[in-house]
Structure formats: structure tokens, C-alpha cells
Amino acid sequence: MSHHHVSFKDLPAGGEKFEPAKASKLIGTLLVLGLAGLAGSAYYFINESTRAAFAYSWLFAVFFSFTFIVGGVFWIMLHNASNSSWGVAVRRLFEQLANMAPWVGVLALPFLLPQVQDALWEWFPYHRAAEAAHAASLEEGLHHINAPHALVEKAGYMNIKFWYFRFFFYFGVLTYIARKLRGFFLAQDKDGDIKHTLNARGFACLLFLPFALTATFASVDWLMGLDYLWFSTMWGVYIFAGCAWSSMALTILVLTYLRSIGYMLKVTTMEHYHLMGKLLFAFTVFWAYIAFSQYFLIWYANIPEETRFYLIRNTGEWRWVSIFIVAGHFIVPFVALLSQTRKKNPTMICLVCVWVLFMHLVDMYWNVIPERGPSLAKTVLIDGAWKGDIVALVGVFCTLGYIFMRSLGKHSLYAHRDPRLVESVNVIN
């Protein structure tokens, strides 16, 4: 907490502009790793013998990054819809994270390639064969090639044309929300008018439904669709909980790094760490509640189409990963974040955030990769495929990290003319 009340006179008149030169080592490292990862990924995609297995690696890396974008959009929408004042000082970091949506969309373009689609989503080859049959309708075409009954019943949603539409819809919605909300506050940086805050609040409330549909059905299409027979009504909420959890942890780490090189010291205090830590704690509990509820309901119903997801992940080598997630994704951060002192200690909470990001990585890996072996080779694991997982993760995440850090310098690191900035700087909770 600040030693005295901070007023607008105590803050830089034009806000604080990030200078990439101050973070040249980090930015340079991200660039080198990103380019190396992309080059390695290109090799895996070009090589026909590794393309199918690497498609899962790429899905894991892209969707892992996608979750941070969804989380960033959620936090800026929640801040505005709830008329939050404490978050004004850190909101622009969430805005910048959310505005990475178009870049993730670019990295997701390989999913539009038939070779990648056929490797990942087993229903695509059936639909291509049905279209080649030149039947009067898709359903008749599926019947003609003796496709599984489940695909015929799901053809209204699970069809190629609609899938392409949804792909562009998801990135379009996220990009539109992120740019529109940032636009309100960039305009406010120029004139300081409260109307921009009011407009942002109304816009956020209005767009919550399209956002929820995007976050839910993107996870259905790209992850649940890996096994077209499996379904869970809680899947979208499960993925969303991880999005909010991980994006908050990443933002805390970014804030700490910026403070370490001299930025945002006057507008953020340990009270902001405490508030962000409490939200991190809340979503630790929320994720655990949803994860347990999904598992319990599927276990209790014991329907073969539903239990197959956990049967794959609770047998063989994946069983130990499942147990590790229970302890590491919930118990460890839950205990660590119980203490107010630890939440107000930047070093301690950053250690927790690093752990959170690691566990979110394990969770996303556990959701995607176990489908690869049974789908492509009828085995639990494919030898050597893990190398492609690392290459894809480094290529995607480091490339996006480089773009994110470079983009921080375009605008002030905080909304310096927001009428509620002083209230945010002096927040006590």
C-alpha cells in the first residue's frame, strides 16, 4: 500500500510508455526461440511421416495459447460489466492479452488444411467421403458410406461448412470485443471523458453472450471433437475456468516483470497483488468444483460414450498424470493462496503463478495428447512424438510472447485519463 494518498498530480501526465529496449534480452530470446520453434514445426508439417502426429502437437500449443486470449477477454469484460475501479491500473495488460486474438488466429490456420483436419478430427474423412458420394443431402451421403449412426445424428452441427464458419466466427468475436473495448479507453486517453467508461460498460454487458458461446463451442469443436462420440455438458465451463485461472496468473507475472524494470510502480501496490491473488484463488476453487462435478456425473451415469474420455486418461501412463493434476492443479495452489501475506508478496505469488501456468500446461496436454495414440496408431503413446509437442509449444508460445512484448509499447501501460484511476491506485481491500 502507498504511504500517502496518490493524486493525478503524482502520476505522469501522459501515462507510462513501455520501451522495448529495456526488455531487449527477453524480447530477443523470445524471438530466437519462436523462430526456431516455427522452423521445426514447418519441418514436422512438411514431413508426411510426422504430419499426423504433429497435428496434435500443434493443436495442443495453439489451444494452450488460445486459453490466455479467452481469459484476457473475459477479464476486461468482467471489469467493465461490473464497473470495477480497482482494476483500472492493470486493465490494459488484460486488454493487450485479449488483443492477441488475431495472431492466435493466424497460427491456427493449419487447422484449415484437410491433411491436418483428417488427422485430428475423425469425423472429417467421413464427411468428405459423404460429399464425394454426391447424395441429395449430407445425411444420405453418410448413410451411403455406412458412417457411424452418431455422425448422422450430429450432422446438423458437425459438418464441414458449419465448422469453417464457426472457426472464423470465434476469432472474429474475440477480436471485435478486444479491439472495441480497448478503443473506448484509448479514446478516453485523449479526452478523459467518462462517457467512454459508460459505453464500455454497456458494450461488455451486451456482448457477454456471444463471448460465452465462443469460449464454449471453440472448446467443443477443437477438443471435444477429437472424439466425436464423447460429450460432456460441463466441458465449456471446465475449459473456461482454466482460461480465467491461467490468464490471471500470466498477467500477474507480466506486471511483476514490468515493475522490476521500473514501470507501473506508482499505479500498482501490494493491494493489487492481493486482489488479483484472491481472484486466482477463486478460480482455483471454481476449476476444482467443475472438474470434480464433470468426473462425478460421468462416473455415476456410467454411459460408455461418456466414460471413454476418462478410461483413456485413467489407464496406462496417463493414470499418473491424472493423479498429478488432482494434486497440482487444486491442492497446491489452494494451500499456497490461502495466506493473505503470500498474496501480497510479489515473489511468493509469482512462484505460485509459475506453478499455475505449469499445471495449466499439463491440463491442456492431458486433454489433447491422449487422443493421439489411440486415433493414429491404436497405442497409448507414439514413440518420439513428444519432441514435436515441445517444438510446437516453443514455436507458438514464444512467437506470441515476442509479439505481445513488442505491442506493449504502442500505448500507455495504464489508462492514464480514466476518472477512476486515482481510486484504483489508492485501493485498500
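The values are calculated or read from the model by the stated rules, or taken from the named source; none is laboratory data. Not measured: the values here are computed from a predicted model. FYI the Cβ positions are ideal-geometry reconstructions off the backbone, even for glycines, and counts take in every protein chain you see. Note: accessible area is taken over every heavy atom of the protein model, side chains too, but ligands, DNA and RNA are not part of it. Shrake-Rupley method; radii C 1.70, N 1.55, O 1.52, S 1.80 Å.
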Per the filter on the range 64-79, residues farther than 17 Å from Trp235 by Cα and of a type outside the set (Phe, Trp, Tyr) are Ser65, Ile69, Gly72, Val73, Ile76, Met77, Leu78, His79
Failed criterion for Ala218 (all others in (1) over 15 Å from the mean Cα position of the chain (by Cα); (2) touching a residue at least 40 places away in the same chain (Cβ under 8 Å) hold): (1)
Taking the range 342-356 only, how many residues are open to solvent by 60 Å² or more (accessible area, probe 1.4 Å) and farther than 18 Å from Thr268 by Cβ? 3
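How many residues does the range 323-341 contain that are in contact (Cβ under 8 Å) with a residue 40 or more places away in the chain and in a helix (DSSP H, G or I)? Lay out the reasoning, then the answer.
Initially, the range 323-341 is screened for residues in contact (Cβ under 8 Å) with a residue 40 or more places away in the chain, giving 325, 329-330, 333-334, 337-338, 340.
After this cut, where a residue has to be in a helix (DSSP H, G or I) as well, the list is 325, 329-330, 333-334, 340.
Total satisfying the criteria: 6.
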Of the residues in the range 280-298, those that are over 16 Å from Ser232 (Cβ atoms) and either touching a Leu at 6+ places or on another chain (Cβ under 7 Å) or open to solvent by 50 Å² or more (accessible area, probe 1.4 Å) (or both) come to Leu280, Phe281, Thr284, Val285, Phe286
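Out of the helices (runs of 4 or more DSSP H) lying entirely within the range 122-193, which hold 3 or more residues that are without any contact (Cβ under 8 Å) to a residue 12 or more places away in the chain and either touching a Pro at 6+ places or on another chain (Cβ under 9 Å) or of a type in the set (Gly, Ala, Ser) (or both)?
Working: elements: 123-132, 138-144, 149-153, 160-191.
Because the criterion is at least 3 residues that are without any contact (Cβ under 8 Å) to a residue 12 or more places away in the chain and either touching a Pro at 6+ places or on another chain (Cβ under 9 Å) or of a type in the set (Gly, Ala, Ser) (or both), the helices (runs of 4 or more DSSP H) in the range 122-193 that meet it are 160-191.
Starting from residues that are aliphatic (A, V, I, L, M) and open to solvent by less than 10 Å² (accessible area, probe 1.4 Å), keep the ones in the range 48-74 and report whichever is farthest from Leu107 (Cα to Cα).
First pass over the range 48-74, keeping only residues aliphatic (A, V, I, L, M): 52-53, 55, 59, 61-62, 69-70, 73.
Imposing the further condition that a residue be open to solvent by less than 10 Å² (accessible area, probe 1.4 Å) reduces the set to 55, 59, 61-62, 69-70, 73.
Values: Ala55: 12, Leu59: 10, Ala61: 10, Val62: 7, Ile69: 13, Val70: 15, Val73: 19 Å.
Applying the filter and picking the extreme gives Val73.
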Can you find a residue that is closer than 16 Å to Lys343 by Cα and either in contact with a Ser or Thr (Cβ under 9 Å, 6 or more places away or on another chain) or of a type in the set (Ser, Thr, Tyr) (or both) anywhere in the range 252-260? yes
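Among the residues of the range 232-252 satisfying the criterion of being of a type in the set (A, V, I, L, M) and more than 12 Å from the chain's Cα centre (by Cα), which is modelled with the lowest pLDDT? Let's see the steps before the verdict.
The initial filter retains those residues of the range 232-252 that are of a type in the set (A, V, I, L, M), namely 234, 237, 239, 241, 244, 248-250, 252.
Filter again for more than 12 Å from the chain's Cα centre (by Cα), leaving 234, 237, 252.
On the way: Met234: 94, Val237: 97, Ile252: 98.
For the range 232-252, the residue satisfying everything is Met234.
Filter the range 81-110 down to residues that are among the hydrophobic types (A, V, I, L, M, F, W, C) and open to solvent by 10 Å² or more (accessible area, probe 1.4 Å), then give me how many there are. Write out each step before concluding.
Taking the range 81-110 as the starting set, the residues that turn out to be among the hydrophobic types (A, V, I, L, M, F, W, C) are 81, 86, 88-90, 93-94, 97-98, 100-101, 103-104, 106-109.
Now drop any that are not open to solvent by 10 Å² or more (accessible area, probe 1.4 Å), which leaves 81, 86, 97, 103, 106-107, 109.
Adding up the residues that qualify gives 7.
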Scope the range 216-241; condition assigned to a helix (DSSP H, G or I) and closer than 18 Å to Ala108 by Cβ; matching residues: Thr216, Phe217, Ala218, Ser219, Val220, Asp221, Trp222, Met224, Gly225, Leu226, Ile239
Would you pick out the residues in the range 389-399 that are open to solvent by 20 Å² or more (accessible area, probe 1.4 Å) and either aliphatic (A, V, I, L, M) or touching a strand residue (DSSP E or B) at 6+ places or on another chain (Cβ under 6 Å) (or both)? Ile390, Val391, Leu393, Val394
